[in-house]
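Asker: Handing you this structure, nothing more for now.
Read the figures in this text as sums done on the coordinates, not as results from a lab. In this text the structure is predicted, and so the values were computed from the model without any measurement. Quick reminder, even Gly has a Cβ in these numbers, built from the backbone with ideal geometry, and neighbours come from all protein chains shown.
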């Protein structure tokens, strides 16, 4: 699993650099769901980093036109972020790179074993930023 994730990470880093963003900014894009506003505080909690770090990450994403940042309707102190069309397109590219990089031994799994693995991984990672951030696993 670690080897597979490292292969995916290298592909994401190259794509991120080509799009003038950092690995942490790419990760932030991947954690966001289409058509959902996420409070920056939730993102900071999920990523286990200081809110000031998220502010810098989001600032660059806004500058690149990848996310919109707005005040929450119910409380102006809360800042939320939402993917733009450009951000959604890049997020989809990152997720495709992540899910297309596979360990060779995964091909040895039967269809039933593959389905079981996907079910286990989805269950193990069932938290999301909106409930906290998730993306489906594709094997």
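Asker: For a footprinting-style exposure proxy, rank 78, 54 by other Cβ within 10 Å, fewest first.
Answerer: Values: 78 15, 54 22.
Exposure proxy ranking, most exposed first: 78, 54.
Asker: Same structure, new question: Quick one: plug the Kirkwood hydrodynamic radius of region 2-124 (C-alpha pairs) into Stokes-Einstein at 20 °C, 1.002 mPa s, and report D in µm²/s.
Answerer: Answer from the Stokes-Einstein relation: 135 µm²/s.
Asker: For residue 89 and residue 118, calculate 0.36 nm times their separation in residues minus their Cα-Cα distance, and state this gained length in nm to one decimal.
Answerer: Full extension of this stretch gives 8.0 nm more.
Asker: Applying a 10 Å radius around every beta-carbon, put 113-122, 15-24 in order of their mean neighbour count, most first.
Answerer: 15-24, 113-122
Asker: What would the Debye equation give as log₁₀ I(q)/I(0) for region 37-90 at q = 0.31 Å⁻¹, counting only Cα atoms as equal point scatterers?
Answerer: Calculated log10 I(q)/I(0) at the listed q: -1.22.
Asker: Take the Cβ-Cβ distance between residue 18 and residue 49 as r, set R0 to 30 Å, and report the resulting FRET efficiency rounded to the nearest 0.05. Show your work: numbers first, answer last.
Answerer: Details: r = 24 Å, r/R0 = 0.81.
The formula returns an efficiency of 0.80 here.
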